[in-house]
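The values are calculated or read from the model by the stated rules, or taken from the named source; none is laboratory data. Here the structure is a predicted model, which is why all the values come from computation and not from measurement. Neighbour counts are summed over all protein chains in view; Cβ atoms, including those assigned to glycine, are modelled from backbone coordinates with ideal geometry. To get the accessible areas, we keep the full protein, side chains included, count just its heavy atoms, and leave off ligands, DNA and RNA. Shrake-Rupley method; radii C 1.70, N 1.55, O 1.52, S 1.80 Å.
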Amino acid sequence: MADQKKSRLEADIESLEKGIFTGEEGGDERSSPHKDFIASIVVAIFGAFSMYFSLQLGAPESLYTAPGLLPFVTGASLILMAWGLFVKTRRRYGMEEMLKSEGTRAISAYLAETENRRTLLLMTIVGLYVIVLGQMDFDWRFKTSFYTFRFSGFEAISIPVIFVILRFFWRSTLLNCFLVATGIVVFLAVVFRDGFLILLPGAG
Amino acid sequence: MFELQEVLTQAAIAFHPWMIWICLLGVTLGILWGAMPGLSTTMAMALLIGLSTGMSQHVAIMFMLGVYTGSVFGGAISAVLINIPGTPDAVPTMIEGHKLALRGEGGLALGTAIMGSFMGNWIGIILLITFIPAILFLALQFRSWEMFLLSMWGIAICGSMAAGDMPIKGWISGWIGLMISFVGLDIIHGVARFTFGVRTLEDGISYIPLLIGLFGLTEILKVLPQKSPPGIPSEVGRIIPPMKQLMKYSKAAFRSGIIGTIIGAIPGAGANVASFLSYDIGRRRAGEEERQKWGKGSYEAIVCAEVANNANIGGSMLPTLTLGIPGNAAAAAILAALEMKNVVVGPTIQTENPGIIFFIYIGLIIANFLMYGMAIALIKPCVKLFSLPRTLLMPLIIPICVMGSFAVALNYFDVYLMFIAGIVGYILHRFGFPLAPMVLAVILGPLADENMRRALLVFEDEHWWSILIDRPIGTILLVIVIYTFYDGIFKRGKEQ
């Protein structure tokens, strides 16, 4: 399966040539029997948890209006769907393909690809950005005769973060990255704050 | 008489120069956004909701309609000129248009795409105006039982349409969305559900940060780490195609417009399904001489794809406005913008927001005319834009995700939610699960939950057979829901 991996674009072109329905978002080209096997287990566990916590909600008046009724049914159907996914994948590829796991080697194979490492790095940077910005709470104002300049936690955190991301991914000069990061963050802040009167995160 | 007065009042608002300017801004942003490879219509819609929070009701609606109309067309520009579809629905246009561009007919291919989009929008709008009264009349007959079944059908069909040959993955995505929608205080008893002691969760999970995370941040995580393909700006040449050539394809345009509108009205099936299906049907229906050109640079093929994906806009607004069920993920963003501006969509839209439907019709018409003009004007600037690397553009969208999700309720928890949704969306994408059913389910979940429990209370002392006989609309909907699952499990499964 892995050696047959296609991009979404390739899959779309192929489906157009063959007249096959691939759906609005496609997806098969990204999956594998082993991934489907893992997904079916995770979904089944999620369904079981949902059922358990739905039962904890009780039935204040009658069973018909119980707050956990639909969540319970949804959890039960998720287990059924997980079973359906398991059966369908087994029929298509066989149990052997489904269980074919590389164990820890799968993680090293994942990390060996530059694109995946870049994704993880991006996730980490964005995660840190969101957490640090959440701690910011200041909004300095510099009044002049024609305009009140403002500098808040949003600009203080966003400019360096966007600078770092640009430096990693765009790989332009330090000055270019800094100018683009500053320019875009200040522009967005002015448009949102002064143009559309929307409060910014980290600005008190 | 009353309606005519209402139409004139809404037209006066819509044709105000400020409104035209806002619509122009939306269309321009939409075209540029759609033209950039990797930036989808849904992403544009999801991110720009944040910007619309500071606008008044009519301005916000006009802006979002402009973005929607512009971005659906925008994908065609990069598809023709640099052989990379700006949006996934532009793949058929890319196959045909780029071949024409290599022969020096890129301008004409784009001109045909613009005309096709313009016609497609018109067909979609006309069918929307024609069918809204009938669907609204039908929707007013719906009670709790019918609303519950309709919501469940919406989620189920969205799952089927989004996931292609694995509808079960679409349903799982939808059902996970349902579980997310249950978080918060129960609407009947006020019991806290799945909050695990976290007070912020008692208000429930807002679907706007979810939308921004799933279609904004997930896209960034998918696209930014990829190696950027080199932009190849090319000469455009003549753009406006001769009238005679366009008339030749009028039959194909009309057929594709109807296909696009119908597909748009089905929840979960959006512009991609519309353009792919119309392209496929167009090939089968084309004359022998024209069919030889398909895949090698056919103008008729471009017309089929572009008319269908633009007619999809009108179609997607049909269930969104009349039933409160978004026709696709982009329409879910329109629904979010409408709800944020206190517009109650659904069967009572006419009574609760008199005139708003007329405003939306007029807004779509204005956006269509502006799209036509701006599409021609923006082709050359777009060629310049393609020379900018994706690695430069994508990071600039990250602050918009943060600002947009915060702006909705001025609650920083929503930013965390957006981030988590982005990560979850990326994982689901890697596992081949579609994302649109999840968003649709988060929107429809509360409706389904409340109406199911109400219906069960009403039916407490009745026999099941009397429910089936006394509620024919409900019975028909029940059959449709069962058939949707049957079709996904047995028919489509066997086909593969």
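General remarks:
- Shielding by partners for peptide A:121-130, expressed as the average number of C-beta atoms from other protein chains within 10 Å of each residue's C-beta, is 5.
- Among A:189-199, B:251-261, B:73-83, A:74-84, sorting by the average number of other beta carbon atoms lying within 10 angstrom of each residue, highest first, gives B:73-83, B:251-261, A:74-84, A:189-199.
- Across peptide B:172-181, the average count of Cβ atoms from other chains found within 10 Å of a residue's Cβ is 6.
- Carbon plus sulfur fraction of accessible area for the range B:206-359, probe 1.4 Å, in percent: 61 percent
- Distance between the range B:44-69 and the range A:93-129 - C-alpha centres, whole angstrom: 37 Å
- Accessible surface of the range A:93-204, 1.4 Å probe: 67 percent of it comes from carbon and sulfur atoms.
- Near B:Asn328, the amide H atoms lying under 5 Å from its own belong to B:Gly268; only residues 5 or more places off or on other chains count, and H is placed 1.01 Å from N.
- Summing both sides, the accessible surface hidden between B and A at a 1.4 Å probe radius is close to 7600 Å².
- Annotation: amide H-H contacts under 5 Å for B:Arg193 (H modelled 1.01 Å from N, sequence separation of 5 or more, or interchain): B:Gly184, B:Leu185, B:Asp186.
- Using bins of 10 Å that start at zero, the share of Cα-Cα pairs per bin across the range B:31-164 amounts to 12, 27, 33, 21, 6, 1, in whole %.
- Computed log₁₀ I(q)/I(0) - Debye formula, equal Cα scatterers, no solvent, chain B, q 0.08, 0.11 Å⁻¹: -0.47, -0.90
- Gap separating the Cα centres of the range A:182-204 and the range B:434-496, nearest whole Å: 45 Å
- Dividing the convex hull volume of the alpha carbon atoms of the range B:12-85 by its residue count gives 68 Å³ per residue.
- FRET efficiency, B:Ile469 to A:Leu55 (Cβ-Cβ, R0 22 Å, nearest 0.05): 0.05
- Net length available on complete extension from B:Glu460 to B:Ala134 is 114.2 nm, with 0.36 nm assigned per residue and the Cα-Cα distance removed.
- Shape call, the range B:237-310: gyration tensor on alpha carbons, a/c limit 1.5: prolate
- The spacing between the range A:44-87 and the range B:314-385, judged by their C-alpha centroids, is 36 Å.
- If a spin label sat at a point 7 angstrom from the Cα of A:Tyr110 along the line to its beta carbon, the backbone N atoms of the range B:387-421 nearer than 20 Å would be those of B:419-421.
- Cα-based shape type of chain A, given that a ≥ b ≥ c are square roots of the gyration tensor eigenvalues and the cut on a/c is 1.5: oblate
- Tail fraction, Cα-Cα pairs, the protein assembly as shown, threshold 52 Å, whole percent: 7 percent
- Entries of B:Lys227/B:Lys248; B:Lys296/B:Lys384; A:Lys35/B:Lys341; B:Lys227/B:Lys251; B:Lys227/B:Lys341 with Cα pairs more than 30 Å apart: B:Lys227/B:Lys248; A:Lys35/B:Lys341; B:Lys227/B:Lys251; B:Lys227/B:Lys341
- The residues of the protein assembly as shown expose on average 41 square angstrom of accessible surface per residue, using a 1.4 Å probe on protein heavy atoms.
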